[in-house]
Amino acid sequence: MKTAPSIPSPLLEVQDLKVHFPVRKGLFTKHQAYVHAVDGVSLSLQAGETLGLVGESGCGKSTLGRAIARLVDATSGVIRFSGDDITSLGASGMRPYRRHLQMIFQDPYGSLNPRMTVAQIIGEALDIHRLARQSAARQRRIRELLLAVGLDADCQNRYPHEFSGGQRQRIGIARALAVHPKLLICDEPISALDVSVQAQIINLLADLQTEHGIAYLFIAHDLAVVEHLSRRIAVMYLGRIMELSDARKILHAPRHPYTQALISALPTLDPASRRQRILLPGEIPSPIHPPTGCPFHPRCPRAEDRCRTETPLLRELDPNHWCACHLPLESSLRPDEPPQTNPAPGSLHG
Ligand code: SF4
């Protein structure tokens, strides 16, 4: 008798995660309010997969990445890594997981210690996790890692300030790779770089994923950048996921009114696939006082009365296509519509 094919359990599972930061009115006053940076996010990620996480500045995507990496504490919810609940582990409890859960940051200038040489920066990661005890093995591994990220193996004794922005990001990637991570949380890793260098780093990350099977949570404000790497994309707004589906569906058949507005702002060279720009009124509201009901309702062109009072849950419209909206949500595009080509990364800003 044939057995049903087993579905692999996810490498990362996040359930109803909230991160609320207290804010004080004055130096000696008690907490007055909370920033709802992440407000009930659920998602999962399989080994070797890339999930793109996009949204405007201040939507909580970086805080979500940091909470998953356990650099900030969750207020509530659950984070499971390789099936284990890591939500409340302290520094020593996180040690066995830290090696497999690495992060690269937006600012390649600020994330490297300026007083350490490249060899010390990468070697430190090897030392912490006791991955190369002998000096010759350590030296060999540092050279391997530098070559793997496209740097000259002879640059080991140089300091971060002697490198360009793209090269510094490569050093950060080499440091993360040193410990054989299963998941790399990439927090806007290319947004501080020139466009030509951005493409090189994207290609490097894609090659490393093919070679090492690393899963990426790729955070960006740029949908076109995320498209190049991601199998699925999650769209965030004001601390919540609005839509989550295959990258192709998000980019070519978006269902949520917010995603549709973002996609309508992407540039296209093809006049036939040019869409009417959906202009959203107002600004993203303050996460200290998020709107009642649907957080998007003050700006949504399709808002109804119930949107002001009832918060829509993330529901599955089609297999693997999740959306947080009360409406039936027909796609404005045919799912079989041929993909359009974006000439340049499209920013979600402005
Ligand atoms: Fe717009 Fe209402 Fe849907 Fe929110 S729930 S996205 S306000 S239609």
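For this structure, a couple of remarks:
- Solvent-accessible surface of the stretch 162-213, averaged per residue with a 1.4 angstrom probe and all protein chains in place: 37 square angstrom.
- Panel note: the C-alpha atoms of the chain, placed on their principal axes, show extents of 68, 60, 57 Å (largest first).
- The modelled label-to-label distance between ALA33 and SER135, using points 7 Å beyond Cα along the C-beta direction, is 5.9 nm.
- The stretch 152-185 and the stretch 113-129 have their alpha-carbon centroids 10 Å apart.
- Taking every alpha-carbon pair under 8 Å whose residues sit at least 6 apart, the stretch 47-117 reaches a relative contact order of 17 percent.
- Apportionment of accessible area to carbon and sulfur, the chain, percent (1.4 Å): 51 percent
- For the stretch 67-184, the convex hull spanned by the alpha carbon atoms encloses 109 Å³ per residue.
- If the chain linking SER88 and TYR109 were pulled fully straight, counting 0.36 nm for each residue of separation and taking away their Cα-Cα distance, it would gain 4.5 nm.
- Karplus-derived 3J(HN,Hα) values for the stretch 103-119, using 6.51 cos²θ - 1.76 cosθ + 1.60 with θ = phi - 60°, are 9, 10, 10, 5, 9, x, 7, x, 8, 10, 5, x, 8, 10, 6, 4, 4 Hz; glycine and proline are entered as x.
- Summarising the amide proton neighbourhood of THR50: residues at separation of 5 or more, or on other chains, whose placed amide H is nearer than 5 Å comprise TYR216, ARG231, ARG232.
- Per residue value of the accessible surface for the stretch 1-133 (all protein chains in place, 1.4 Å probe), Å²: 54 Å²
- Virtual spin-label span in nm between SER264 and SER164, 7 Å along Cα→Cβ: 3.9 nm
- Amide H partners (placed H, <5 Å) of MET103, local residues excluded: ILE185
- In terms of the mean number of neighbouring beta-carbon atoms within 10 Å, the peptides 157-167, 240-250 order highest first as 240-250, 157-167.
- Rounded, prolate or oblate (a/c below 1.5 giving rounded, otherwise prolate when a/b exceeds b/c) for the stretch 112-155 by Cα gyration tensor: oblate
- 5 angstrom amide H check on MET236, placed H, neighbours 5+ away: VAL54, GLY55, MET242
- Size descriptors for the stretch 162-261, from the alpha-carbon set: Rg then Dmax equal 14.6, 47 Å.
- Relative to one another, the C-alpha centroids of the stretch 236-302 and the stretch 41-101 are positioned 24 Å apart.
The values are calculated or read from the model by the stated rules, or taken from the named source; none is laboratory data. For clarity, every value in this text was computed on a predicted model and none was experimentally measured. Heads up, the Cβs are rebuilt from the backbone with ideal geometry, glycines too, and the neighbour counts pull from every protein chain shown. Accessible surface areas use protein heavy atoms only, side chains included; no ligands, DNA or RNA. Shrake-Rupley method; radii C 1.70, N 1.55, O 1.52, S 1.80 Å.
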